[in-house]
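**Q** Below is the structure I would like to discuss, written out as structure tokens.
The values are calculated or read from the model by the stated rules, or taken from the named source; none is laboratory data. Quantities reported herein were computed from a predicted structural model and do not represent experimental measurements. Neighbour counts are summed over all protein chains in view; Cβ atoms, including those assigned to glycine, are modelled from backbone coordinates with ideal geometry.
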Amino acid sequence: MSALLDIDGTAAPPRANGELVFSEPWESRAFGMAVALYEASAFTWSQFQSALIARIAAWENALDQDRPWSYYQHWLAALEDVLDEQGTVSCDEVATRALTLAQRPAGHDHRH
């Protein structure tokens, strides 16, 4: 897998001293999901990389960049695009599930 991530340019993941950098726990989870799904042959790495490059290019070309730069937001959106394109899960299904999860009370899964 590391050879697949030996890329330069805007599609390259953030690194510090050669190590991947994640600012939030969800970022590492999104990264891990994409890698696991690739390793399970849900899509090819070139499909994912193309989707990621397209997402980044769309953000760079947007006239109103109202959202700050977030590499892993683009990563996650590219993953959703590829899964939708493959028919694995639609973007609408992802949005519905995310809304349902966001409406759960804080600490809902930490109660004893």
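**Q** Anything in region 61-75 that is surrounded by 15 or more Cβ atoms within 10 Å (Cβ to Cβ) and either of a type in the set (Phe, Trp, Tyr) or touching a residue at least 12 places away in the same chain (Cβ under 8 Å) (or both)? List them, or say none.
**A** Tyr71, Tyr72, His74, Trp75 - these are the residues of region 61-75 that are surrounded by 15 or more Cβ atoms within 10 Å (Cβ to Cβ) and either of a type in the set (Phe, Trp, Tyr) or touching a residue at least 12 places away in the same chain (Cβ under 8 Å) (or both).
**Q** Also: Is there any pair linking a residue in region 1-26 that is at pLDDT 85 or above to one that is part of a loop (DSSP other than H, G, I, E, B) and of a type in the set (A, V, I, L, M), with Cβ under 7 Å and at least six apart or on different chains, and which?
**A** Pro14/Val21; Arg15/Val21
**Q** From the list Arg29, Arg97, Arg67, Arg104, exactly one residue is over 15 Å from the mean Cα position of the chain (by Cα) and outside any loop (DSSP other than H, G, I, E, B). Which is it? Walk me through how you get there before you give the answer.
**A** Working: Arg29 fails: over 15 Å from the mean Cα position of the chain (by Cα); Arg67 fails: outside any loop (DSSP other than H, G, I, E, B); Arg104 fails: outside any loop (DSSP other than H, G, I, E, B).
Unique residue meeting the criteria: Arg97.
**Q** Something else about it: Any residue in region 39-60 that's polar (S, T, N, Q): show its pairings with residues that are at pLDDT 90 or above and surrounded by 16 or more Cβ atoms within 10 Å (Cβ to Cβ) at Cβ separation under 6 Å, as long as the two are six or more apart or on different chains.
**A** Between residues of region 39-60 that are polar (S, T, N, Q) and residues that are at pLDDT 90 or above and surrounded by 16 or more Cβ atoms within 10 Å (Cβ to Cβ), the close pairs are Gln47/Val82.
**Q** Please enumerate the residues belonging to region 85-106 that are acidic (Asp, Glu) and either surrounded by 10 or more Cβ atoms within 10 Å (Cβ to Cβ) or touching a strand residue (DSSP E or B) at 6+ places or on another chain (Cβ under 8 Å) (or both).
**A** We begin by selecting, within region 85-106, every residue acidic (Asp, Glu); these are 85, 92-93.
Scanning region 85-106 gives Glu85, Glu93.
**Q** Residues that are more than 20 Å from Val94 (Cβ to Cβ), of a type outside the set (Ser, Thr, Tyr) and touching a strand residue (DSSP E or B) at 6+ places or on another chain (Cβ under 9 Å): does region 35-54 have at least one?
**A** No - not one qualifying residue is present in region 35-54.
**Q** Related question: Based on this model, can you work out whether Glu80 counts as loosely packed, with under 11 Cβ neighbours inside 10 Å, modelled with pLDDT of 85 or more and under 24 Å from Ala98 (Cα atoms)? Step through it out loud before you land on a result.
**A** Values: loosely packed, with under 11 Cβ neighbours inside 10 Å: no; modelled with pLDDT of 85 or more: yes; under 24 Å from Ala98 (Cα atoms): yes.
Judged against the criteria, Glu80 is not a match.
**Q** Follow-up. Which residue is nearest to Ala78 (Cα to Cα), if the candidates are limited to region 11-45 and must be surrounded by fewer than 11 Cβ atoms within 10 Å (Cβ to Cβ) and charged (D, E, K, R)?
**A** The residue in question is Glu39.
**Q** In the list Ala102, Ala98, Ala51, which residue meets the criterion of being within 20 Å of Glu27 (Cα to Cα), at pLDDT 85 or above and not β-branched (Val, Ile, Thr)?
**A** Numbers: Ala102 fails: at pLDDT 85 or above; Ala98 fails: at pLDDT 85 or above.
On inspection, the qualifying residue turns out to be Ala51.
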